Structures are given as structure tokens and as C-alpha cells.
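Here is the structure we will look at, set down as C-alpha cells.
Readers should treat all values here as calculations from the given coordinates under stated rules, not as data from a laboratory. All values derive from a computational prediction rather than experimental measurement. Please note: Cβ atoms are built from the backbone with ideal geometry, for glycine as well, and neighbour counts cover all protein chains shown.
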Ligand code: CA
């Protein structure tokens, strides 16, 4: 995802940028509200991670300004207090979700993934590779136009691969994506699901889900 982190705490900002970049996100940073608004209006972002307590204006103001300007970018608010009034104000201001500091990085990732699954209306929601088409809004998958019935996990694994065409994804990355709440599973589980997935996709489409020996899986586009 292409992300913007608006956070004046330089240490936290650096840490988030490092971790999110390791997880293959593209991360922009802004350290106050004005900068955040500028970056958000210049770039096509997939989500904004927005701190409430900023030096010039509050994160609530930033969210309100973005929404007033017609932006539908998903916003994840970071708040220092878990109070009902903060939550309500954040959601009223146009935030999609919020996270209370201090938070576990894994939880931030899970929230981002959830936001990523709610595609903004300006974007096409179909992911394609060869005969495979996956619609993230309706959660329907077709191969050469014929519907394929996938379980939730199979769908998530395919979605994860389709979102990063040509990129090798490790079993751990797929596990993390399809089972965001860290259920204790082994990478063998992923292998089993890939097997099921290929089976359901059928011969022609299955060839697009490639095994990269000793590393993981890759989606072949053409
Ligand atoms: Ca702050």
C-alpha cells in the first residue's frame, strides 16, 4: 500500500516507516497537519495513518479537511486516550478506524489490511491475472468468466498474491495476511491452502500461482 504517516513524534514516525517499509509498503511521512494535508492532496494514497495530537492542528481537523475536500482515502487515527468522546469525534471527522497508543505493530498491520479491503470508490476493485479475476468489493472470483467458490482463507491468499503480481511472497507473509490475528499455524498450512486454491482455480489458472522453491509463491501476471 502507498501510505502516509502523519505523526509529530519523530521516533514513532521513524519506527513506523521502517517497519512498514520492511513489510513492502511505500511510506510517506509528515510531521504536522499542514504538511500532512499537502502530501495527501498531492498523492494517490491507499491509507493515511493520522495522529490526533499534532503541533499545528489536531488530527481530527486534518480528517475533516480531507473529507471536506472530497478525499475518500481510508484514515486510521492514532489516539493517546481511549475515551469515547475521542473515538466519536474521530469517526465524526471522517476517520475509518482508530488505534489507541501504545499499540502493537501487528494490530496496526491488521487494521491497515482491513482498511485496504474497503476499496475507495474511485478505484476499480477488480484484480486480474490471466483468466483470473477477483473483485474485492463483492468478494467474487471468476476464471475465464466462470465463478469459482473459494473459502475465506483461499480468497485472502489469492487476493494477497494478486495485489503483488510478480513478487515472491513467503509462506509467513501469506499466513500473516490471511490469518491477521496470529492464530498459531505453521507454514505448511499455507501449502495446503495453495493446493486447494490451485485445485479450485482449475488447470489453466492454477499455473499463474507459481511455487518459488524454498521461498514461497508468486503470481504470474500474463
Ligand atoms: Ca503527537
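Beta-bridge orientation, the range 51-150: approximately 70 percent antiparallel, per DSSP, counting only bridges with both partners inside. Comparing 130, 70, 94 in a Gaussian network model of the chain (Cα springs below 10 Å), the most mobile by mean-square fluctuation is 70.
Please state the relative contact order of the chain as a whole percent: Cα pairs under 8 Å, 6+ residues apart?
Details: 355 pairs, mean separation 28.5, N = 222.
Computed value for the chain: 13 percent relative contact order.
What shape does the range 126-219 have by the C-alpha gyration tensor, where a ≥ b ≥ c are the square roots of the eigenvalues, rounded means a/c under 1.5, and otherwise prolate means a/b greater than b/c and oblate the rest? It comes out prolate by the Cα gyration axes. Shape class for the range 5-57, computed from the alpha carbon gyration tensor (a ≥ b ≥ c): oblate, with a/c not under 1.5 and a/b at or below b/c. Taking the longest Cα principal axis of the chain as reference, the axis of helix 59-68 is set at about 70 degrees.
Given axes a ≥ b ≥ c from the Cα gyration tensor, I'd like to know whether the range 2-116 is rounded (a/c under 1.5), prolate (a/b larger than b/c) or oblate. Verdict is rounded for the range 2-116. Only beta bridges with both residues in the chain are counted; by DSSP, about 50 percent of them are antiparallel. Once the Cβ-Cβ distance of residue 26 and residue 204 is raised to the sixth power relative to R0 = 35 Å, the FRET efficiency obtained is 0.60.
What FRET efficiency comes out for the pair residue 221/residue 114, r = Cβ-Cβ distance, R0 = 25 Å, nearest 0.05?
Working: r = 26 Å, r/R0 = 1.04.
Rounded to the nearest 0.05, the efficiency is 0.45.
Express in nm, to one decimal, how much length is gained between residue 212 and residue 10 on full extension, taking 0.36 nm for each residue of separation and deducting their alpha carbon distance.
Numbers: separation 202, 0.36 × 202 = 72.72 nm, distance 3.84 nm.
Once the chain is fully extended between residue 212 and residue 10, it gains 68.9 nm.
Calculated mean residue ellipticity at 222 nm for the chain: -12500 deg cm²/dmol, from DSSP H runs with n ≥ 4 weighted as -39500 (n - 2.57), summed, divided by the residue count and rounded to 500.
All distinct Cα pairs of the chain go into the 1/r average, and the inverse of that average, the Kirkwood radius, is 18.6 Å. Among 60, 155, 103, the largest mean-square fluctuation in a Gaussian network model of the chain (Cα springs under 10 Å) belongs to 103.
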